[in-house]
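Notes to accompany the following structure.
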Amino acid sequence: MINNEAKLKKEEEILSIFSKIREISDKESLDYKKLLQKIYAPIWDWALMCFKEEDVCKACIEITHCVRRSVEKFKEKEGSTYIGFLYTCLATEIQHKKEKAEVKKFRMCTKDEYTRAVELVKEAERIGKNPSNEKVQIWLSKQAKLSVEEVKDLILKYYQSQVVEEQIKESEEGEAVSIFETEAVHNNYLTPEQDVFKTEYALEDLAVIEKVLTLS
């Protein structure tokens, strides 16, 4: 169980250091570098309160880079805070890391499975429905004479294949693009309490990721 009091204190510590960083215009100065180094520790502690420890550890490199960029790129606007921006960016990087770790599994999708999956998705789109919705999947299972589990698996593989294509594209260009740099993050400063990635169904999460990757 998260200790909310400890979490709030950690957020206050982060904001205190962040406000001092913002007062320094020379990013090459020793004072700026010292404060930037200082803010890492409370952010790491705070991240472990906000996310699963295993996910934080696996995305340690991404988080390290993300912290610096979040300090440099945060732009204050009405209703926004650095803590909310930081949370959104870290959550996005952690999710991105988790999806990249699954790429090898995604390649298990055969050409036939992908073709069948595309047909299901197009059929759902034809009637203006979300193929990730459970009720729509039940309807699709009847139309295709498949079990609901088979439909879910095929649609999952369809969305997974989209992630693979983006990963391949990044590799071919020779430079991976962080989701942090996308408009989906820049225009979405949410509070830590908001469950950014939780949607009604797990497959809808993949649809969101697919959309974000497309913007990269």
Next on the checklist: Please compare each pair in K7/K33; K122/K152; K10/K38 to a cut-off of 19 Å on the Cα-Cα distance and tell me which ones are over it.
Outcome noted: K7/K33
Next on the checklist: I'd like to know which of Y32, T81, N4 lies farthest towards the positive end of the charge dipole of the range 1-85, counting +1 on Cβ of Lys and Arg and -1 on Cβ of Asp and Glu.
Outcome noted: Y32
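If packing is taken as the mean number of other Cβ atoms within 10 Å per residue, what is the order of 139-147, 58-66, highest first? Please list the in-between numbers first.
On the way: 139-147: 14.6, 58-66: 16.7.
Ranked by mean Cβ neighbours within 10 Å, highest first: 58-66, 139-147.
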Checklist entry - For the range 14-90, which whole percent of the accessible surface, found with a 1.4 angstrom probe, sits on carbon and sulfur atoms? => result 51
Next on the checklist: Could you give me D for the range 1-105, from Stokes-Einstein at 4 °C and 1.567 mPa s, where the hydrodynamic radius is the Kirkwood radius over C-alpha pairs? Units µm² s⁻¹, please.
Outcome noted: 89
Checklist entry - Given a 1.4 Å probe and the protein chains all in place, what does the accessible area of Y159 round to, in Å² to the nearest 10? => result 20
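What relative contact order, as a whole-number percentage, does the range 7-93 give when Cα pairs under 8 Å and 6 or more residues apart are counted?
Working: 50 pairs, mean separation 25.6, N = 87.
Dividing the mean separation by the residue count of the range 7-93 yields 29 percent.
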Checklist outcome for this item: Quick calc, K145 & C60: beta-carbon distance into FRET formula, R0 35 Å, rounding 0.05, result 0.15
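The values are calculated or read from the model by the stated rules, or taken from the named source; none is laboratory data. Predicted model only: the values in this text are computed from it and were never measured. Cβ atoms come from the backbone with ideal geometry, glycine included; neighbour counts cover every protein chain shown. Side chains included, ligands, DNA and RNA excluded: accessible areas come from the protein's heavy atoms. Shrake-Rupley method; radii C 1.70, N 1.55, O 1.52, S 1.80 Å.
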